[in-house]
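What follows is a short report on a single structure.
The values are calculated or read from the model by the stated rules, or taken from the named source; none is laboratory data. Worth saying up front: this structure is predicted, and the values here are computed from it rather than measured. Counting neighbours? That spans all protein chains shown, and the Cβs are built from the backbone with ideal geometry, glycine included. When the accessible area is computed, the model is the full protein with side chains, heavy atoms only, and any ligands, DNA or RNA have been set aside. Shrake-Rupley method; radii C 1.70, N 1.55, O 1.52, S 1.80 Å.
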Amino acid sequence: MRRTLSCLATVVVGLASPAAAQAQEYPAPAGLGFGLNVGYVELSGQDFDLVGSGVGVEATGRYTWESGFQVLLGVQYSSHTVIDQGDLTVIAVSADPRYVLRLFNSDRLAPFLGGRVSYVYQSLSDGGESANGFVIGGEVGFIFEFLPPVAIEASGYFGGLLLDGRVVEGVGSSSGNASGTMGSARIGVLISLH
């Protein structure tokens, strides 16, 4: 997953114009926007060896400035199967600073680079165990104008995860805290209000 994000970031930067700071038009116009994404979510690391990948949904609100800088606030929900322990629910509340790059040859496609900080809550269906924590990482993706004011957004995210407790028993370190990584690949619809 890390290599994929690294390669995507290289391609995005290579395609971006030096005029990226010019006023953005579609697909990332200045102003408010809302998005709804679905995607694949994975928790990894030795503390999450028994946790399967899950499908998640995410709702976001965002504001884009003329320079192409965006700030997103969002909520993500995913459900994961844990071997012999039930289902793990993951809820994340996120803030994403992003920079939308303007391509030199396209008004319909806009790649972006950004970061993400999330508060994460996990709970297990069998046993009622729960834990809180944070994820900090980076993301890369693109926005493609479909039919104004609607655009398609696709992105990948990867970050480090640290929890204040252990929800999943079994494989992992002996301390009470769990750590690992959280990654996702998402696609969805963006509606701009301007």
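Spin-label model, Phe34/Asp84: points 7 Å from Cα along the beta carbon direction are separated by 4.6 nm.
If you take all other residues with their beta carbon under 15 Å from the beta carbon of Gln46, and give Lys and Arg +1 and Asp and Glu -1, the sum is -3. On a per residue basis, the convex hull of the C-alpha atoms belonging to segment 52-140 measures out at 101 Å³.
Expressed as a fraction of 2.2 N^0.38 Å, the value expected for a compact globular protein of N residues, the C-alpha radius of gyration of segment 86-194 is 1.35. Averaging the sequence gap over all C-alpha pairs within less than 8 Å and six or more residues apart, then dividing by the number of residues, gives segment 46-99 a relative contact order of 35 percent. Each Cα pair under 8 Å and six or more residues apart adds its separation to the average, and for segment 93-194 the resulting relative contact order is 22 percent. With all protein chains in place and ligands, DNA and RNA left out, the 1.4 Å accessible area ranks Ser130, Ser44 as Ser130, Ser44, largest first. Karplus-based coupling profile of segment 179-194, in residue order and whole Hz: 9, x, 10, 9, x, 8, 10, 10, 9, x, 10, 10, 10, 9, 10, 8, with θ = phi - 60° in 6.51 cos²θ - 1.76 cosθ + 1.60 and x standing for Gly or Pro.
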